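One structure below.
Rule-based calculations on the coordinates, nothing more; no lab input. Just so it is clear, the model here is predicted, and its values are computed rather than measured. Don't worry about glycine lacking a Cβ; one is built from the backbone with ideal geometry, like all the others, and counts go over all protein chains shown.
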Amino acid sequence: MISRDTKVGKMLKEHPQTLAVLLETSAHFSKLQNPLLRKALAPRVTIEQAAKIAGVNLSELLQKLNQKIGANMPIPETSSAAAPAQRNAGRPQVLDERQPVDLDVRPLLQSGTDPLKTILQRVEQLAPNQYLRLINSFEPIPLYSVLGKRGFDHFTEFLEGAFHVHFYRRPSAEQGETGKGEERIGAKSDVPSREKTIALDVRALSPPEPMMKILEIIPRVDEKTLLFVHHHREPLFLYEKLQARGYKWQVEKIAETDFHVQIWKDGEIMMNPIPDTQALDVRELPPAKRHPLIFQTFEALAPSEAFVLVNDHDPKPLYYQFMFEQAGRFTWDYLEQGPDVWRVQISKV
């Protein structure tokens, strides 16, 4: 049975006849006829998200799709989706106070390139007085939750035949209301004393290298160690990863491009190394079969379980795919970084 949580990519792979249903339902789905666009978009978009993007009734769409595959099961009635261009009303004042950084992802999608890596890099590079103005031919609904978990709100408008989505960091006061503000930036007295300090300067690195470097060092930070990071911006994307690993942090803003981040271990880190018998070695597999097997292995994990991925190159593209499809559900820790073998522990939160 096809449900609201079924990924469009999985459905089309298992039931290719359902593409005709999508094309008949809305012109928005015509992009799926392009194999390059289908490869870039369909794997991470659910049927519910697709219905919202197209502005069609979810219940009716599910009924048609299930009838097409012969699964005529009753589906609860759902309300009609609002027209995509009508989702947000009232331009936030914060957009008038900051400068836009434009990113038109339409050329990337037309070439079959997944724009996620570019989007995350551009967001990470935003200065405090900037926001990202994303331009796309369809409303990127899955991206709302991905960046929302990283402290970004959005405002969407439809202009000149394209969606303009303005992603902006929530003001500090709003972050505090979520419970993250106090934990994110604490008083200096909150930092405990430790026997030794590891100093790490990531100011010369380009995103996402600073975060990758910090996470590489983190396993060395025990109850007797403090990690002092000299950063050129506040590492907002890092906080949820530190929290998942059982660490606390304190951030001090010295200047607009100068932040001091102190990180320490808070009790026992829940994530423990797992034995080699639970390793997944994909080095002998054809590249096309690696990612599906890796995600299948991840989905089979229970919360707090993990496996070690063994690869013949740095699996950064896989990391970006995890960031988009499994944001908030995984942790990623390098155990070995080449030059011939890479080992990464992937845990389910």
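Straight-distance candidates among the lysines for linking to Lys13, with alpha-carbon spacing under 19 Å and chain neighbours fewer than 8 residues away dropped: Lys31, Lys39, Lys64, Lys68, Lys289.
The modelled label-to-label distance for the pair Lys289/Ala27, using points 7 Å beyond Cα in the direction of Cβ, is 4.3 nm. Given +1 at the Cβ of Lys and Arg, -1 at the Cβ of Asp and Glu and no other charges, the dipole of the range 181-265 around its Cα centre is 220 debye to the nearest 20.
Between Ile2 and any residue 5 or more places off or on another chain, the built amide H atoms are never under 5 Å apart.
Sticking with the crude label model, points 7 Å out along Cα→Cβ, report the distance from Glu256 to Asp102 in nm, one decimal please. Rounded to a tenth, the inter-label distance reads 2.2 nm. Of the peptides 329-337, 239-247, the order by per-residue mean of other Cβ atoms within 10 Å, starting with the highest, comes out as 239-247, 329-337. Which residues in the range 296-327 place their backbone N less than 16 Å from a point set 7 Å from the Cα of Glu14 along the Cα-to-Cβ direction? Taking a point 7 Å out along Cα→Cβ of Glu14, the residues of the range 296-327 whose backbone N falls under 16 Å are 296-297, 299-300. Shown here: the range 85-170, whose C-alpha atoms stretch 35, 28, 22 Å along the first, second and third principal axes, sorted largest to smallest.
Phi-derived couplings, Karplus 6.51 cos²θ - 1.76 cosθ + 1.60 at θ = phi - 60°, listed residue by residue for the range 104-121: 9, 8, 4, x, 5, 5, 4, 8, x, 8, 5, x, 4, 4, 5, 5, 5, 5 Hz, with x used for Gly and Pro. Computed from the C-beta positions of Glu160 and Thr225 and an R0 of 41 Å, the FRET efficiency is 0.15 to the nearest 0.05.
Only lysines eight or more places from Lys253 in sequence, or on another chain, were considered; those with a Cα closer than 30 Å are Lys117, Lys149, Lys180, Lys188, Lys196, Lys213, Lys224, Lys241, Lys265, Lys316. Straight Cα distances below 19 angstrom link Lys10 to the aspartates and glutamates Glu48, Asp114, Glu299, Glu325, with same-chain residues fewer than 8 positions distant left out. Across the range 301-306, coupling constants 3J(HN,Hα) worked out from phi with the 6.51/-1.76/1.60 Karplus curve, θ = phi - 60°, read 6, 8, x, 6, 7, 8 Hz, and Gly and Pro carry x. Relative contact order of the range 181-265, taken over Cα pairs closer than 8 Å and 6 or more residues apart, is 37 percent.
Sorting 314-323, 18-27 by average packing, meaning the other beta carbons within 10 Å per residue, from highest down gives 314-323, 18-27.
For Leu226, nonlocal amide neighbours, meaning residues 5 or more places apart or on other chains whose placed amide H falls under 5 Å from its own, are Lys196, Thr197, Ile198.
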